[in-house]
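Student: Dumping the structure here so I can ask a few things about it.
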Amino acid sequence: MSYVLHYAPDNASLVIRLALEHQGVPYRTRLVDRSKQAQSSPAYLALNPNGLIPALETPDGAMFETTAILLYLSEQHGKLMPKAGSERAAALKWLVWLGNTLHPMLRIMFYPHIYTKGDIEDIRTPARAQITHMLGLLEQAQDVAWLEGPISAMSCYLAPMLRWCAIYGGPAWFDLSDHPRLMDFALLMEQTEPVHRAIAAEGLGATPFSAPRPATPPEGSAT
Ligand SMILES: N[C@@H](CCC(=O)N[C@@H](CS)C(=O)NCC(=O)O)C(=O)O
């Protein structure tokens, strides 16, 4: 059985698509039609009871949670994580930080109505400050060789998040030029084949990370 990635264009499933493309692993995709709230359908909830995208069908059962899927794929096919030593320790630390710390803060920015019935700016203003602070930590970190290195689980995760910051979360609140090291990372990622294939599959445009525009996908919708 090959993998089946349940995806919506420009959703967190893009992280998994990039990882699968980088590994050269065969997979099929199945659209989760967000315009019809298909992520809340009984069929999808059977795969991911959280009603969140992505889900990945694997020979070992259906998986959810982006970080868990990345680690699983790394264990199965390599190429996404250093194997041992201080490099692996640093990679694990930053991978879980991306999934556990940065991504949830982005969700607060993108889905503020979940968190307040009042003025969404009361939620977005502190979230924006937190995200800026977190990206500053990455800019300054000494143990993030993956920012300059070959594609990794971390780079598959970070690049889409930089894109989403520029597109979602209210009127132009994010400028990647304020983070020069991350801009260099985005430009580097855009030169890779896995990214070119994801661009074609999800209509992400020529500069999906350094100067993103809303997706124009061949099927489905991002929101
Ligand atoms: N913790 C989840 C978060 C996934 C997530 O936030 N998915 C978003 C799309 S990027 C989603 O499904 N949104 C639809 C919704 O909230 O109804 C993971 O790591 O997979």
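The values are calculated or read from the model by the stated rules, or taken from the named source; none is laboratory data. Nothing here was measured: the structure is a model prediction, and the numbers come from that model. Using ideal geometry, Cβ is built from the backbone for each residue, glycine included, and neighbour counts are taken over all protein chains shown. Protein only, heavy atoms only, side chains kept; ligands, DNA and RNA dropped before computing areas. Shrake-Rupley method; radii C 1.70, N 1.55, O 1.52, S 1.80 Å.
Student: Could you please let me know if ILE108 is open to solvent by 20 Å² or more (accessible area, probe 1.4 Å), of a type outside the set (Ser, Thr, Tyr), assigned by TED's automatic domain parsing to the domain that holds LEU158 and in contact with a His (Cβ under 7 Å, 6 or more places away or on another chain)?
Tutor: Working: open to solvent by 20 Å² or more (accessible area, probe 1.4 Å): yes; of a type outside the set (Ser, Thr, Tyr): yes; assigned by TED's automatic domain parsing to the domain that holds LEU158: yes; in contact with a His (Cβ under 7 Å, 6 or more places away or on another chain): no.
In short, no.
Student: Same structure again: Any residue that is at pLDDT 95 or above, under 24 Å from ARG163 (Cα atoms), within 16 Å of the ligand (Cβ to nearest atom) and in contact with a Phe, Trp or Tyr (Cβ under 7 Å, 6 or more places away or on another chain) - is there at least one of those in region 73-87?
Tutor: No, region 73-87 contains no residue that is at pLDDT 95 or above, under 24 Å from ARG163 (Cα atoms), within 16 Å of the ligand (Cβ to nearest atom) and in contact with a Phe, Trp or Tyr (Cβ under 7 Å, 6 or more places away or on another chain).
Student: Tally the residues that are open to solvent by 40 Å² or more (accessible area, probe 1.4 Å) and of a type outside the set (Val, Ile, Thr), restricting the search to region 69-96. Lay out the reasoning, then the answer.
Tutor: Applying the first criterion (open to solvent by 40 Å² or more (accessible area, probe 1.4 Å)) to region 69-96 yields 71, 75-77, 79, 83-89, 92-93, 96.
Cutting the leftovers down to of a type outside the set (Val, Ile, Thr) gives us 71, 75-77, 79, 83-89, 92-93.
Matching residues across region 69-96 total 14.
Student: Under 6 Å between Cβ atoms, at least 6 apart or on separate chains: pull out the pairs that start in region 138-150 with a residue that is farther than 16 Å from LEU176 by Cβ and end on any residue that is aliphatic (A, V, I, L, M).
Tutor: Pairs found: ASP143/ALA90; TRP146/MET154.
Student: Specify which of the listed residues (SER13, SER2) is touching a Phe, Trp or Tyr at 6+ places or on another chain (Cβ under 7 Å), at pLDDT below 95 and at negative phi.
Tutor: On the way: SER13 fails: at pLDDT below 95.
Exactly one residue qualifies, and that residue is SER2.
Student: Are there any pairs, at least 6 apart or on different chains, whose C-beta atoms fall under 9 Å, with the first in region 28-39 and closer than 19 Å to ALA198 by Cα and open to solvent by less than 40 Å² (accessible area, probe 1.4 Å) and the second more than 13 Å from the ligand (Cβ to nearest atom) and outside any helix (DSSP H, G or I), and if so, which?
Tutor: Close Cβ pairs (under 9 Å, with a partner that is more than 13 Å from the ligand (Cβ to nearest atom) and outside any helix (DSSP H, G or I)) amount to ASP33/GLU219.
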